[in-house]
Structures are given as C-alpha cells and as structure tokens.
Amino acid sequence: MDIKELYSKIGGNFEDVLGRLMKEAFVEKFALMYPKDTSYETLMAAIEKGDINEQFREAHSLKGVAANLGFEELRKAASKLTEQLRPQTAPADAALVEAVKAAQQKTIAGLAEYQAQQK
C-alpha cells in the first residue's frame with residue numbers, strides 16, 4: 001500500500017493535505033506521527049469526567065488535527081461532535097461519540113497497517 005492508498009482506505013483526502021505539505025514524504029511523516037497525538041485520548045477522558053467545556057475544547061482540537069492531516073472521515077465525525085457541544089449546555093451525544101471512536105479506530109488501524117508494510 002502506498003500513502004495515497006492509505007488515505008483512500010481511512011477516508012482521507014490525500015490531495016488536500018499534499019497541497020498544504022507539498023511533498024509526499026511530508027504527508028507520510030506527519031500522518032505517521034498522528035498516533036502520538038493525545039487529542040482523542042484527552043477527549044475521551046473529558047467525556048468520562050463529564051466536563052462539557054473540556055469536551056468541546058478537545059473535540060475542536062481533534063477536528064483541527066484531523067483537518068490538518070487530511071483525515072476527512074475523522075474530521076467530519078469530530079466536527080459533528082464539536083458542533084453538538086458548541087453551546088456547552090449538554091454533554092457529548094453518545095451516537096456522535098461512537099462515530100468519532102469508529103473513525104479514530106479506522107484511522108489508527110490503517111496507519112498501523114501502512115507502517116507495518118513499510119518495514
């Protein structure tokens with residue numbers, strides 16, 4: 001699998017991120033750094049704690065990271081959750097959280113598979 005195929009597999013937009021980063025090597029480098037990002041884990045912790053303000057901040061952060069990396073499926077899921085949380089009057093909707101979890105798992109699994117094939 002090449003980097004373009006990875007993006008296709010995880011519901012990403014390779015051309016968009018390539019337009020920002022300018023080189024496939026940079027796209028690969030930053031995409032493979034994503035599993036070290038803590039946005040998702042921090043969001044899940046905020047949901048567990050019930051802190052609505054932190055849930056909004058972390059969902060927004062995850063949306064931004066996903067957008068910058070061209071992880072469109074994850075960005076869309078995080079964006080819907082962000083908008084649901086924007087008024088900061090109700091905790092994260094369970095169905096929207098599940099969509100974020102599914103997109104996160106798909107992204108991480110795709111990245112792991114890609115990295116394993118590169119060795």
In the stretch 59-79, which residues are open to solvent by 50 Å² or more (accessible area, probe 1.4 Å) and in contact (Cβ under 8 Å) with a residue 40 or more places away in the chain?
ASN68, GLU73
Could you please find all residues in the stretch 19-53 being in contact (Cβ under 8 Å) with a residue 24 or more places away in the chain, of a type in the set (A, V, I, L, M) and more than 23 Å from ASP93 (Cα to Cα)?
VAL27, ALA31, LEU32
Selection from the stretch 107-119 of residues open to solvent by 80 Å² or more (accessible area, probe 1.4 Å) and not in a loop (DSSP other than H, G, I, E, B) yields GLN115, GLN117, GLN118
Could you check, for the stretch 26-47, whether at least one of its residues is of a type in the set (Gly, Ala, Ser), within 9 Å of the chain's Cα centre (by Cα) and either loosely packed, with under 12 Cβ neighbours inside 10 Å or within 30 Å of ASP2 (Cα to Cα) (or both)?
yes
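Checking the condition touching a Gly at 6+ places or on another chain (Cβ under 9 Å) and charged (D, E, K, R), which residue from ASP2, ASP51, ASP16, ASP37 passes? It would help to see each step written out before you state the result.
Values: ASP2 fails: touching a Gly at 6+ places or on another chain (Cβ under 9 Å); ASP51 fails: touching a Gly at 6+ places or on another chain (Cβ under 9 Å); ASP37 fails: touching a Gly at 6+ places or on another chain (Cβ under 9 Å).
Among ASP2, ASP51, ASP16, ASP37, only ASP16 is touching a Gly at 6+ places or on another chain (Cβ under 9 Å) and charged (D, E, K, R).
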Which condition does GLN55 not pass, out of (1) out of contact with any Pro (no Cβ under 8 Å at 6 or more places or on another chain); (2) assigned to a helix (DSSP H, G or I); (3) open to solvent by less than 80 Å² (accessible area, probe 1.4 Å), if it passes all the others?
(1)
Just the residues that are aliphatic (A, V, I, L, M), at pLDDT 95 or above and outside any helix (DSSP H, G or I), please, taken from the stretch 82-102.
ALA92
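Restricting to the stretch 80-100, give me the number of residues that are touching a helix residue (DSSP H, G or I) at 6+ places or on another chain (Cβ under 8 Å) and loosely packed, with under 15 Cβ neighbours inside 10 Å.
The total comes to 5.
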Within the stretch 82-91, work out how many residues are out of contact with any His (no Cβ under 9 Å at 6 or more places or on another chain) and within 18 Å of GLY64 (Cα to Cα).
2
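The values are calculated or read from the model by the stated rules, or taken from the named source; none is laboratory data. Keep in mind the model is a prediction, meaning the values are calculated, not measured. With ideal geometry, Cβ positions are generated from the backbone for all residues, glycine too; neighbour counts draw on all protein chains shown. Each accessible area value is taken on the protein alone, full model and side chains, heavy atoms only, with ligands, DNA and RNA left out. Shrake-Rupley method; radii C 1.70, N 1.55, O 1.52, S 1.80 Å.
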